[in-house]
1. Relative contact order for the chain: what percent, with Cα pairs under 8 Å and sequence separation of 6 or more?
2. If you take all C-alpha pairs in the range 205-341, what percent of them are over 23 Å apart?
3. Please report the antiparallel percentage of the DSSP beta bridges confined to the range 132-302, to the nearest 5.
4. Could you check the spin-label model distance between residue 289 and residue 152? Points 7 Å from the Cα along Cα→Cβ, value in nm.
5. What FRET efficiency do you get for residue 237 and residue 73 if R0 is 56 Å and r is their Cβ-Cβ distance, rounded to the nearest 0.05?
6. Rg to Rh for the range 132-302: what is it, with Cα atoms only and Rh by Kirkwood?
7. Output the peptides 124-131, 66-73 sorted from most to least packed, where packing is the average of other Cβ atoms within 10 Å over each peptide's residues.
8. Please list 54-60, 248-254, 10-16, 331-337 highest first by mean number of surrounding beta-carbon atoms within 10 Å per residue.
Ligand code: KG4
Ligand code: ZN
């Protein structure tokens, strides 16, 4: 029997990327992302500027996504949007726009959980045609979250470990700022680390019970170390930048892998996926591949364009809600935090 064709428009505006995508079932037809450069000037995201930029970007980005998909608005079967978690002012732009579009087109509206959508990026069609099978563990690492999620089905996802303070991406970005790198530091640290010695410097690793993570001690230890060294040598950062990045990245990965290994032991699951912005990190990808060989894990890594915030993951998460007739209505509102999984 021929599969029904379902076209979903996805809208993502939880942080500093305005994105719209169109999916045909689990295939992405377009995925347009407007990244807000303005925050580079401030070394971090300024929420008020982010929401203003979303307002400016949302119509052109959605129009472009529809155009690139070769469709018109009337071809869509539903509108999916990020309900949360994220920055409230940013979320409100995407939510309000999606609601207005759903009302004017008389199309169903689907609210999507941002972190679940990062995981759902694994179910986007890919060239290798390789998708994790249930149950699997997903290390979900972004600028706002660090979690280990046990994914038992499209509906059943359980957070079994999470950070008690900063997220892994935040640790990259805050340490990047300490070294004077442009925001966000994560991608640049990744690049510089490739030419550095990961064993050159040692930084604090936390002792946290169970499957939870902590990154605030690392940030403080990194700050004190840099302050001490630059007092002795004003050029310390410039002279040791690659080694600093490699050693910092190594410490962040060590913290992540200690808990990931523990989760594998506890759950007896060796289907392992990564998701979220930090899953773009080459060091993380390489180490996972080593674990695949050493420990016999089956690893799943999303395509680069679906690691950091994007609406493709929102469309495909929306598609799975659509199949279950999980729709919302115009009374829905954005939720910045503590939104249940
Ligand atoms: O998922 P995402 O785009 O947004 C949130 O939901 O937070 O993640 C953004 C985070 C930032 O902290 C950024 O520095 C980090 O992902 N990131 C990276 C890399 N690419 C993005 N961190 C390390 N290495 C990378 N290649
Ligand atoms: Zn994200």
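None of the figures in this text is laboratory data; all of them are computed from the coordinates on show. Source: prediction; values computed, not measured. Ideal geometry is used to build each Cβ from the backbone, glycine not excepted, and the neighbour counts take in all protein chains shown.
1. Numbers: 726 pairs, mean separation 86.0, N = 341.
It rounds to 25 percent for the chain.
2. Working: 5159 of 9316 pairs.
Taking all Cα-Cα pairs of the range 205-341, the fraction more than 23 Å apart is 55 percent.
3. Details: 11 of 19 bridges.
In the range 132-302, approximately 60 percent of DSSP beta bridges are antiparallel ones.
4. Rounded to a tenth, the inter-label distance reads 3.5 nm.
5. Values: r = 51 Å, r/R0 = 0.90.
With R0 = 56 Å, the Cβ-Cβ based efficiency is 0.65.
6. 0.99
7. Numbers: 124-131: 12.5, 66-73: 15.1.
Highest-to-lowest ranking by the protection proxy: 66-73, 124-131.
8. On the way: 54-60: 17.9, 248-254: 22.7, 10-16: 29.9, 331-337: 14.9.
In decreasing order of mean packing, 54-60, 248-254, 10-16, 331-337 become 10-16, 248-254, 54-60, 331-337.
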